[in-house]
1. Under 1.5 on a/c is rounded, so check that first for the chain, then, if it is not, pick prolate when a/b is larger than b/c and oblate when it is not; a ≥ b ≥ c are the square roots of the alpha carbon gyration tensor eigenvalues.
2. Grab the beta carbon distance between SER65 and ASN390, set R0 = 51 Å, and tell me the FRET efficiency rounded to 0.05.
3. How many angstrom separate the Cα center of region 341-391 from the Cα center of region 267-331?
4. Tell me the net charge near PRO339. Cut-off is 13 Å between Cβ atoms, PRO339 excluded, with +1 for each Lys or Arg and -1 for each Asp or Glu.
5. Could you sort out which of LYS330/LYS395; LYS170/LYS399; LYS45/LYS388; LYS161/LYS228; LYS228/LYS399 sit more than 26 Å apart by Cα distance in this structure?
6. With a point put 7 Å past each Cα toward its Cβ, work out how far GLU233 is from ILE9 in nm, to one decimal.
7. Got the relative contact order for the chain handy, in percent, Cα pairs under 8 Å and 6 or more residues apart?
8. Determine the gain in length on full extension of the stretch ILE188-GLU280; use 0.36 nm per residue of separation and subtract their C-alpha separation, reporting nm with one decimal.
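Every number in this text was worked out from the coordinates using simple rules, so none of it is lab data. The shown structure was predicted, so the numbers you read here are calculated from the model rather than taken from an experiment. Note that we place each Cβ from the backbone using ideal geometry, even for glycine, and neighbour counts take in every protein chain shown.
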Amino acid sequence: MIWAFGKTIQILSVIVDYVQNVQYNRASLVVSPSSLTLNWQNEAKKFAKELKTLVIRGTLSERKSQIEEIDQYDLVITSYDLLKRDIDLYREKDYQFRYIIADEAQYLKNSNTQNAKSIKKIKADTRYALTGTPIENSLAELWSIFDFIMPGYLFHYKQFKAMYETPIVKEESQATMEKLRMLIEPFILRRNKKEVLTELPDKTITVLSNEMGEEQRKIYLSYLAQAKQEIAEEIEINGYERSQIQILAALTRLRQICCHPGLFIEGYQDGSSKLDQCMEVVQDAVNSGHKILLFSGYTSMFEIMEKELKQKGIQYFKLTGSTKVEERIKLVDEFNENPEMKVFLISLKAGGTGLNLTGADMVIHYDPWWNLSTENQATDRAYRIGQKNNVQVYKLITKNSIEEKIYELQERKAELANHMLDTKTTFIHKLSKDEIMNLFE
């Protein structure tokens, strides 16, 4: 498993080395999120021009014809979504790839999904998993990735859970943590940016606090009291485990109020202190010649931001889950090259990985996400190879709110993952009942 900075280039170099040193080479298969398939092709054209590449796409009949011709190529690229649909075509061909590469391997974190089941059916000499976040929520995700690259190495999941996951997560057993670390370390190649790029400029992270205005605060406190009572009753009746959806819904509402009550209160006109603060930062940055990546977990927040940006005459792009693959590439290229395009609004989930946006030198996280690793991945869209300027990162946190508690939770829970794998995570769905109820204080 490669868990490092510059994963794409590392894998391309491995494939190039293989192609150059064998007489009759076989194709290698990259499986990635749909949004990154063309990115892989572009990176291959840029850094490995000698490779003959094929992106599997189009209608079913077109994909069938392409799969029939894979032995004519060095690098074949498809998406997790298409692999699920086409798995029978691959199995009919019974092709043995040289390498199979699972890009953004956190897509395999649930071993019961079709993503995971399909890719494990592909034959290959060697398997690689590429990810910047090997653990997002639980150690079960790490097990699932290893079940792809080395089936059986970490035992069956029930045995792994009893031997490692439960003692580490529930009991915080340092001895068990060290045993698991020793098992996996020989198969993980990990490097961080400062090890790979000693010339990379500085990155400064600043937490900017804001206080809700009177009306916004009234709404927040009213909903907080209501949600706390309803969740307590829900847990009393149905139990903690069966109340997860209701708990998440309540927490989501509180987070939305911090962002802007207008996200779900029709006709709300009183504004948002966080939005005011964000627009002030954006305006000052634009006036100073900076280019900004502005991330939010709520795409509906962008509609409110867009009105503000238009009023201020600030040019922007927007990328969400509905943005087509081809359009993503065009937007990224133009943003990096066009000095007049100052702001890129990006959905945290849709645009947090696989994009090279070194044209920006400022990153704003409008709302904190449960997993710090997800925020870090998003920040790395600007802080990566090709960045020449110092990068300023702002995290906007609403005081005396659930956002402060999420931030504190990130800091506390990160210690476990740091000891385990030097990554950042919150294990949000592993929180105890007391920890959950504390979020409603």
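1. Details: a/c = 1.86, a/b = 1.31, b/c = 1.42.
Since a/c reaches 1.5 but b/c is at least a/b, the shape of the chain is classed as oblate.
2. On the way: r = 49 Å, r/R0 = 0.97.
That pair, SER65 with ASN390, gives E of 0.55.
3. So the two Cα centres are separated by 13 Å.
4. Details: positive: LYS291, LYS342; negative: GLU334, GLU337, GLU340, ASP361.
In short, -2.
5. Details: LYS330/LYS395 28 Å; LYS170/LYS399 30 Å; LYS45/LYS388 23 Å; LYS161/LYS228 32 Å; LYS228/LYS399 19 Å.
Long pairs (Cα-Cα over 26 Å): LYS330/LYS395; LYS170/LYS399; LYS161/LYS228.
6. Between GLU233 and ILE9, the label points sit 5.9 nm apart.
7. Details: 694 pairs, mean separation 70.6, N = 441.
Over the chain, the number comes to 16 percent.
8. Numbers: separation 92, 0.36 × 92 = 33.12 nm, distance 4.31 nm.
Residue separation times 0.36 nm, minus the Cα-Cα distance, leaves 28.8 nm.
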